[in-house]
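Contents: one structure, followed by commentary.
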Amino acid sequence: MANKEQGPRDSVRSIAEQPQASVLIIGGGINGAGIFRDLAMQGVPVVLVERGDFVSGASSASSHMIHGGIRYLENGEFRLVKESVTERNRLLRIAPHYVRPLQTTVPIFSTFSGILSAPLRFLTHKSGKPTERGALLIKTGLVIYDTFSRDGGAVPRHKFVGRRKSLEVMPQLNPGVKYTATYYDASMHDPERLALDVLHDGLSQGPHARAANYLEAVGVSSDGVTVRDTRTGEEFAIKSDVVINTSGPWTDKTNAALGAQTRFMGGTKGSHIVLDHPELYRATAGRELFFEHEDGRIVLIYPLKGRVMVGTTDLEHDMDQPIRCTSEEIDYFFDLVKHVYPSIEIDRSQIVFRFSGVRPLPRHDDEAPGFVSRDYRVERSELAQIPGTTLLSLVGGKWTTFRALSEHLANDVLQILGRKRVRSTERVAIGGGYEYPTTPEARAAWIASHRGALSEARADTLLERYGTRAARIIEELGDDDRPMVSLPAYSTGEIRWLARHELVVRLDDLFLRRTSIAFVGSMTAEALTELAGIVGDVFGWSTQTRTAEIEHARWILSDAHGVGSETSRHVDA
C-alpha cells in the first residue's frame, strides 16, 4: 500500500474526483480483491468498491481452511479438486504467514457403510437418506486424494489407524470409534488479514489502482455505474469499459441495481461458533476433526487461536433476511461435539463468538445443498444503459481457488480490453508472505534485524500477526508501544497504525477484521471505549461520533455475533 497516510474517506474522494477506470469491480471479498490485485499488476486502471467494509460478507464467514475438497471427489468434480490442491500448495508457498499445513483427522465409526449409497449420490447429486461414510469408502477417497494432492511430497500421505492407536492419541474420542484417518490440508488462521494483504498488494501497484469501502453500487446511467457513499449519502457515477460483479451471494441483487435481471445464485447459509473451552481444545490434540455427522453433513471441530471453532451448517437462505447463527444451529453444533467427544460437557456460556455467512453457490433448484458445485463460472453480458460496456458476473468460487479464479477472470478482461498479460501471480508472494521466515533460525534472524526498540517476544507477536509487513509497523512504532489497558496484547501505537494505514472507517472494522480481538472473545465494554478513544483521536471523531460508534459496535457484536447475548460473555452495557 502507498506510504501516504489516508483518512477514512480519502479513498472515496480520490475516486469521486477521477471517476474513470478501465475496470470497475463491485464487491470487496476475496475474489474481488484477488481480481483487483491481478489487474493492478498488469497496469490496468481499476477501481474496486465495496458497500460495507472489505471482507465483511461471505469471505469473512469461512471455515478458516485452504483445502483441496476431498468430498468434491464424490461429486465427480475432479477438475476442481486438482485446481484446489494445486492452489492450496501454492498458497502454502506464497502466503506462509497466514496459510500453514493443517493436520486433519477423520473419526470413523463403521467399516462398510455408504458403499451402496455413494454411487447413487455421485450419479444423482441427491442426498437421500443420510448414510455415514465408512472406512472403506473414506480410504478409497483418500487414496485418490493423495494422487491429486501431494505435489511431489509437499504434504505427507494419509494414515489410517485402528481404535487402540486412535484413543492413545486422542483418549477422549468416542470409544465407539473403529478407525481414524489423518491427512493434511491447510489452515488459514486469519482470513480477513490475508484478503487485506491481497488488497494492499493491488493498491501498492500505483495510482491506477484504487479501492474504497462503504461505497455501494446503486444504479446505472449513461454516465456509468452510480455509487453511493453509505456514510455521507453522496452519489456519483464511475465510467468504465468493463464492470465485474463479485458481490458473491448478492450477485443477482447487484445486477438488478445495474438493470440486469438475473437468477444466477442459490447460496446456502453456513454458521460457526467459537468456544473458550480448554478441555475440548486439549482433546483435539492440535488437529482439526473433520467428519460426517449423523445427518450426512460434513462438519468440523477446529482448534484455533487457543479456542475451538465448531461448524458448519448448510441451509437454504433468503437473501432478504438477516444472516445469523440461530439457537437451533447451536444445538446442532453441541450435538456433533457430543457425538465425537461424549465425555466433554459444553454449554452456551462457553461461546465467545458466533458468525454466519452465505456461500456464493449457483442456483441449484432441487439439488441437495451439499452436492451443489463449489466450482465457479463467469456470465458475460452488456450493460444496456451503457452500450459497449461489458458486465461480467462471477458465479461461485471459494477461498482456496481465489488466485486461479482471479487469473482466469483477469485474462478475460485483458482480452476484452485488447491488452496482454505482463506478469503472472503464480509465484508472487502475498503481502507479509514476502521473504517470510519459515524456519526457527530464519525467524530469529528476522526478529534480531527488525525488532528495533521492541523486545524479541513483542516483535515475534507482530511478525505472527502481520507477516513481514510487521517491519513497517515496528519502524513507525519506534518506542511508542504502550500496551492497551483493556487489551494488553495490543498496543496503542499498533491500533493507531491499523487505523491510519488499513482503510478503517468504523470501529467494528478494527476489532472484527483488522484484528482477532472479537473472534477470540476478548471484546469488553472497556476495550470498546479504549479502542474508540484511540481511533477517534486518529480521525478526529467528536464525542458524539465516538458514542455512536460504540453503540453501533455493541449492536453488531450482539446481533450478528452473539457477544453480550444470553449465549455469550462480555460487552455489557
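Under a 1.4 Å probe, what is the accessible area of region 188-281 per residue, stated in Å²? Don't skip to the answer; put the middle values down first.
Values: 2910 Å² over 94 residues.
So region 188-281 comes to 31 Å² accessible per residue, rounded to a whole number.
Taking the Cβ-Cβ separation of A548 and S327 as r and a Förster radius of 35 Å, what is the calculated FRET efficiency to the nearest 0.05? Provide the component values of the computation, followed by the final result.
On the way: r = 30 Å, r/R0 = 0.85.
Calculated transfer efficiency: 0.75.
Which FRET efficiency, nearest 0.05, do D412 and E475 yield, Cβ-Cβ r, R0 56 Å?
Numbers: r = 40 Å, r/R0 = 0.71.
E(calc), rounded to 0.05, equals 0.90.
Counting heavy atoms of the protein chains only and a 1.4 Å probe, report the per residue accessible area for region 446-549 as a whole number of Å². Write down the numbers at each step before the final one.
Working: 3870 Å² over 104 residues.
Accessible area per residue: 37 Å².
Quick one: net charge around F355, please, counting Lys, Arg +1 and Asp, Glu -1 for every other residue with C-beta under 13 Å from its C-beta. The partial results should precede the final answer.
Values: positive: K269, R307, R324, R354, R513; negative: E192, E329, D508, D559.
Taking every other residue near F355 into account, the sum is +1.
Determine the calculated [θ] at 222 nm for the chain from helices alone, applying -39500 (n - 2.57) to every DSSP H run no shorter than 4 residues and normalising by the residue count; nearest 500 deg cm²/dmol. Don't skip to the answer; put the middle values down first.
Values: 17 runs with 197 residues, N = 573.
Helices in the chain give a 222 nm mean residue ellipticity of -10500 deg cm²/dmol.
For region 283-323, what does the alpha-carbon gyration tensor say about shape, rounded, prolate or oblate, given a ≥ b ≥ c as the root eigenvalues, a/c under 1.5 as rounded, and a/b over b/c as prolate? If you can, show how the numbers build up before the last one.
On the way: a/c = 5.09, a/b = 1.69, b/c = 3.01.
Taking the square roots of the gyration eigenvalues as a ≥ b ≥ c, region 283-323 is oblate.
Report ³J(HN,Hα) in whole Hz for each residue of region 210-219, in order, from the Karplus equation J = 6.51 cos²θ - 1.76 cosθ + 1.60 where θ = phi - 60°; Gly and Pro get x.
Karplus values, whole Hz, x for Gly and Pro: 10, 8, 9, 8, 6, 10, 9, 6, 10, x.
On the full set of protein chains, 1.4 Å probe, figure out the accessible area of K139 and give it in Å² to the nearest 10.
Using a 1.4 Å probe on the heavy atoms, I get roughly 80 Å².
Take the residue pairs K178/K338; K159/K269; K139/K178 and return only those whose Cα atoms are more than 22 Å apart. Provide the component values of the computation, followed by the final result.
Details: K178/K338 17 Å; K159/K269 32 Å; K139/K178 13 Å.
With Cα atoms farther than 22 Å apart: K159/K269.
Just for the chain, what percent of DSSP beta bridges are antiparallel, to the closest 5?
Values: 57 of 77 bridges.
Roughly 75 percent of the DSSP beta bridges within the chain come out antiparallel.
Accessible surface of D335 in the full protein assembly, 1.4 angstrom probe, to the nearest 10 Å²?
We get 90 Å² for D335.
Amide H of L391: which non-local residues (sequence gap of 5 or more, or other chain) have their own amide H closer than 5 Å, using H built in the peptide plane?
V243, S381, E382, L383
Keeping all protein chains in place and using 1.4 angstrom, which order do L92, L394 fall into by accessible surface area, from largest down?
Sorted by accessible area, descending: L92, L394.
Mind listing the phi-derived Karplus ³J(HN,Hα) values for region 553-564, rounded to whole Hz, using 6.51, -1.76 and 1.60 with θ = phi - 60°, and x for any glycine or proline?
After applying 6.51 cos²θ - 1.76 cosθ + 1.60, I find 5, 4, 5, 4, 4, 6, 6, 8, 10, x, 7, x Hz.
Quick one: order R13, R451, R465 from most to least accessible surface, probe 1.4 Å. If you can, show how the numbers build up before the last one.
Details: R13 120, R451 80, R465 45 Å².
In descending accessible area the options line up as R13, R451, R465.
Note down the accessible area of E316, probe 1.4 Å, to the nearest 10 Å².
Looks like 110 Å² after rounding.
By how many nm would the segment from R482 to D295 grow when fully extended, if each residue of separation counts as 0.36 nm and the alpha-carbon distance is taken off?
Numbers: separation 187, 0.36 × 187 = 67.32 nm, distance 5.06 nm.
Taking R482 through D295 to full extension adds about 62.3 nm, to one decimal.
Of S349, S60, which has the most accessible area and how do the rest follow, probe 1.4 Å? Show your work: numbers first, answer last.
Numbers: S349 65, S60 30 Å².
My answer, sorted largest first, is S349, S60.
What FRET efficiency comes out for the pair K82/E464, r = Cβ-Cβ distance, R0 = 30 Å, nearest 0.05? If you can, show how the numbers build up before the last one.
Numbers: r = 32 Å, r/R0 = 1.07.
It comes to 0.40.
Got the relative contact order for the chain handy, in percent, Cα pairs under 8 Å and 6 or more residues apart? Write down the numbers at each step before the final one.
Values: 1138 pairs, mean separation 109.8, N = 573.
19 percent.
Non-local amide H neighbours of T268 (under 5 Å, H modeled in plane, Pro and chain starts lacking H): which ones?
R359, L361
May I ask you to give the percent of accessible area on region 241-377 that is carbon plus sulfur, with a probe radius of 1.4 Å?
Details: 2420 of 4960 Å².
So the carbon and sulfur contribution to the accessible surface is 49 percent.
Report, by chain and number, residues whose modeled amide H sits under 5 Å from the one on F109, excluding near sequence neighbours (fewer than 5 apart, same chain).
Under 5 Å from the amide H of F109: K178.
Can you send over the carbon and sulfur percentage of the accessible area for region 413-499, probe radius 1.4 Å, protein chains only? Before the final figure, lay out each step's value.
Details: 2300 of 4480 Å².
Carbon with sulfur: 51 percent of the solvent-accessible area.
Using 7 Å Cα-to-Cβ label points, what is the A285/I344 separation (nm, one decimal)?
Label at A285, label at I344, 1.3 nm between them.
Once phi is turned into θ = phi - 60°, what whole-Hz ³J(HN,Hα) does the Karplus curve with 6.51, -1.76 and 1.60 give for every residue of region 457-471, x standing for Gly and Pro?
5, 5, 4, 5, 4, 5, 4, 5, 7, 10, x, 6, 4, 4, 4
The values are calculated or read from the model by the stated rules, or taken from the named source; none is laboratory data. Quick caveat, the model's predicted, so the values are computed rather than measured. Quick reminder, even Gly has a Cβ in these numbers, built from the backbone with ideal geometry, and neighbours come from all protein chains shown. All accessible areas refer to the heavy atoms of the entire protein, side chains included, with ligands and DNA or RNA removed. Shrake-Rupley method; radii C 1.70, N 1.55, O 1.52, S 1.80 Å.
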